[in-house]
1. Take the Cα atoms of the stretch 8-57, find their three principal axes, and give me the spread along each one in whole Å, biggest first.
2. Just to compare against my own numbers: the Cα pair-distance distribution for the chain, 10 Å bins, whole % per bin, please.
3. With each label point set 7 Å from Cα along the Cα-Cβ vector, what nm distance links residue 19 and residue 46?
4. May I ask you to evaluate 6.51 cos²θ - 1.76 cosθ + 1.60, the Karplus curve with θ = phi - 60°, for each residue of the stretch 87-94 and list the ³J(HN,Hα) values in order in whole Hz, giving x for glycine and proline?
5. Counting Lys and Arg as +1 and Asp and Glu as -1, each charge on the Cβ, what is the dipole of the stretch 61-171 about the Cα centre in debye, to the nearest 20?
6. Tell me, what HN-Hα J-couplings in whole Hz come from the Karplus equation 6.51 cos²θ - 1.76 cosθ + 1.60 at θ = phi - 60° for each residue of the stretch 135-148, using x for Gly and Pro?
7. If amide H atoms are built 1.01 Å from N in the plane of the peptide, which residues on other chains or at least 5 residues away come under 5 Å of the amide H of residue 55?
8. How are the Cα pair distances of the stretch 45-108 distributed, in percent, across 10 Å bins from 0?
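No value in this document is a laboratory result; all are computed from the given coordinates. Being a predicted model, the structure only gives us computed values, none of them experimental. Note that we place each Cβ from the backbone using ideal geometry, even for glycine, and neighbour counts take in every protein chain shown.
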Amino acid sequence: MRRQVTAIAAISGTPAALAAKAATTTIPIVFAIGGDPVAPGLVAGLDRPGGNATGVYFLTTQLEAKRLGLLRELVPKATLMAVLLNPTLALAGPQLKEVQAAAAAAGQQINIQHASSESEIDTAFAAFAQMRAAALLVGADPFFLTRRDQIVALAARDAIPTIYEQREFAAAGGLAS
């Protein structure tokens, strides 16, 4: 605000966009988020955002069911699939409900592990190996994107077919996104 910028790019998720919105009502804000921008109050509506904020809404967290279905096609004989979610993500609750509903509808047994730090990712992968998970879905989350090299390396080390939210995981050596 002190620099008197002409626009703010809040591209690292909902918290960044909300912080920018709280800081100004006059400087234009462009956001890029994975969750609904209406629910947290970033914009008044998708068709007419109103105010000084607008942006891109990626349907990432709402596609967990689709990713689970694609993973089932990639590993059709998988009896147990693992799911990695970040419990600190604002959309963790809806994300969890969606993946649980999709698994129940498909009759797919899943085991959900939570991680919100590097060490918790390591712990989750140790659990995946111990339970002999046949496949893994990594939930949509900006934190996981920043840890993609670690996650892709662990999935490769454990030879666990994994589907991710964004192509950057596949570009880093992951199986599918």
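1. Computed over the Cα atoms, the extents are 21, 21, 15 Å.
2. Values per bin, smallest distances first: 10, 36, 30, 17, 7, 1.
3. With each label placed 7 Å out from Cα toward Cβ, I get 2.7 nm.
4. Once rounded to whole Hz, the list reads x, 8, 5, 4, 9, 4, x, x.
5. Numbers: 10 positive and 11 negative charges, 70 e Å.
Charge dipole, the stretch 61-171, about its Cα centre: 340 debye, nearest 20.
6. Karplus-based 3J(HN,Hα) across the stretch 135-148 equals 7, 9, 10, 9, x, 5, 5, x, 5, 4, 4, 5, 9, 4 Hz.
7. 31
8. Spelled out bin by bin, the stretch 45-108 gives 18, 41, 25, 12, 4, 0 percent.
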